[in-house]
1. Could you sort the peptides 392-399, 316-323 by per-residue average Cβ neighbour count (10 Å cutoff), highest mean leading?
2. With labels modelled as points extended 7 Å from the Cα through the Cβ direction, what inter-label distance (nm, one decimal) is found for Phe241 paired with Arg75?
3. Which net charge results for the neighbourhood of Thr215, defined as the other residues with beta-carbon distances under 13 angstrom from its beta-carbon, given Lys and Arg at +1 and Asp and Glu at -1?
4. Rounded to a whole number of µm²/s, how large is the Stokes-Einstein D of segment 274-362 at 4 °C and 1.567 mPa s, given Rh as the Kirkwood radius over C-alpha pairs?
5. With charges only on Cβ, +1 for K and R and -1 for D and E, what is the dipole size of segment 259-370 about its Cα centre, in debye, rounded to 20?
6. Roughly what would the spin-label model give for Ala415 and Leu430, points 7 Å off Cα along C-beta, in nm?
7. Could you work out the local net charge near Lys202, counting Lys and Arg as +1, Asp and Glu as -1, over the other residues with Cβ closer than 11 Å to its Cβ?
8. Report the calculated FRET efficiency for Val155 and Val385 (r = Cβ-Cβ distance, R0 = 51 Å), to the nearest 0.05.
Amino acid sequence: MSAIKKTSARAAASFASQHGLGVACALAAGVWLGAAEAPTKLVNSGLSPYAISLCMVAGVFTARWTIPTLFKGTRSVFADLGENKHLIPIAILAGMLWAVANTLTVFAIRDVGLTIAFPLWNTNSLVGILWGRLLFGELKGASKKNIAKVVLGAVAIVLAAVMLGFSTIHGGGPQGGRALGGILAAAGASLLWGTMYVPYRKAYISGMNPLSFVTVFTIGELATVFALVLALDGGTKAAIFHSAETIHLLFWLFLGGFAWVIGDLFQQFATKFLGIGRAIPLSNTNQLWGLAWGALVFGELAHADWPHRLLVVAGSLIMIAGALAVSTAVATEREHASMNNALDRECARYQLDHDRVLRAFHGQARTGQAYNGSQPGDRDPQRSVWDYAIVAVAVGVFVFLGIHATVPPFGMDLAWVWVLAGVLVFSALLAGWGLWKATRFS
């Protein structure tokens with residue numbers, strides 16, 4: 001009996017450690033994803049939402065290849081892709097979903113502002129909870145307490161979204177005349193971003209490293225936004241390809257894309273360790289940071305009356321509380337067993353090495369364990385000339401765009417910009433250190 005208790009205690013400690021790592025990643029994701037949308041305020045400078053999205057995704061493309069190269073090296077990344085060829089089309093599909101959703105968020109920001117748009121599209125947590133339960137057995141075998149947290153948290157998220165949508169339609173700002181279109185755009189983004197996590201989770205229970213996944217993911221992103229510009233924004237005659245002013249704005253949009261990649265990487269690791277139903281709500285604290293950038297930096301609430309300000313703040317707090325309720329439901333051993341069944345199904349479906357996949361899924365570099373070199377992610381990165389070339393090109397692109405950048409033509413509170421930038425750096429260092437120590441970014 002004593003041995004059984006000790007085994008159960010070790011399992012509980014392992015689950016708690018994994019949960020804590022996922023929570024740290026999700027919180028850091030929230031900080032960076034909240035900041036990433038700030039540059040899309042440039043839509044007020046005359047660029048179309050399609051052009052804004054294309055420029056952001058170009059920055060995303062640059063960062064998504066650079067960061068995995070820095071951490072793992074191209075040889076490790078391509079070796080991982082070679083062992084998971086069946087996941088390449090799925091990663092491209094996920095990138096396509098992301099690109100369309102991101103374009104919709106630009107429309108939403110234009111029509112209802114950052115302060116309102118963020119919490120509306122963050123209802124993707126409801127979509128994620130549904131897919132996680134149906135496809136991957138999340139919450140199956142969970143305790144009543146955990147189920148209650150998830151259900152009540154989801155209800156709180158819906159209530160907050162309704163409050164914020166109501167405040168927008170009924171005079172919540174100068175953009176109220178276009179509020180319905182903005183709300184519909186945010187709702188569409190919510191649906192697509194909630195569904196996008198299905199390929200994420202499928203990839204990670206098949207043993208793919210998140211850093212490898214995003215290198216293919218970005219191909220779907222870039223191809224989709226480019227196609228949207230050609231089809232809906234004037235084709236080859238679109239202003240984005242001919243306007244001399246575009247070069248002065250690209251640095252800020254590339255910077256937004258870079259910030260999004262940092263947040264998305266943390267979010268993907270959170271999805272790996274927490275599952276869809278928990279990772280999405282917690283990373284949706286980006287709503288709080290979106291509110292901070294919108295209200296403190298861009299002054300979006302400066303002309304709102306007190307009733308509407310209180311409604312926005314109350315809705316934001318309720319949404320955050322709901323998200324935290326969902327994410328603090330630590331999975332029990334029974335629930336982990338249910339999720340492991342999904343992993344077993346993937347291994348059987350694609351004839352994968354079960355031991356390799358299980359190690360990769362739980363992070364093969366757990367504290368106190370040594371690397372054994374049994375899979376691409378386990379080996380120390382071997383640098384090649386391509387690694388240095390990729391990093392050099394990426395840095396060169398940002399330097400070139402930075403030299404030609406001009407300050408965006410609208411008011412910003414620079415003091416708050418520096419404060420929020422400091423929060424970005426601190427969150428990345430803290431969560432990144434924990435992730436490196438526990439898994440070596442595997």
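The values are calculated or read from the model by the stated rules, or taken from the named source; none is laboratory data. Everything numeric in this text was worked out from a predicted model, so none of it was measured. Cβ placement follows ideal geometry from the backbone for every residue including glycine, while neighbour counts extend to all protein chains displayed. Areas reflect the complete protein model, heavy atoms only, side chains present, ligands, DNA and RNA absent. Shrake-Rupley method; radii C 1.70, N 1.55, O 1.52, S 1.80 Å.
1. In descending order of packing, they fall as 316-323, 392-399.
2. 4.0
3. Residues near Thr215 contribute -1 overall.
4. My calculation gives 80 µm²/s for D.
5. Around 200 debye, computed over segment 259-370.
6. Spacing of the two 7 Å Cα→Cβ label points: 2.4 nm.
7. Surrounding charge for Lys202 is +2.
8. My answer for the efficiency is 0.40.
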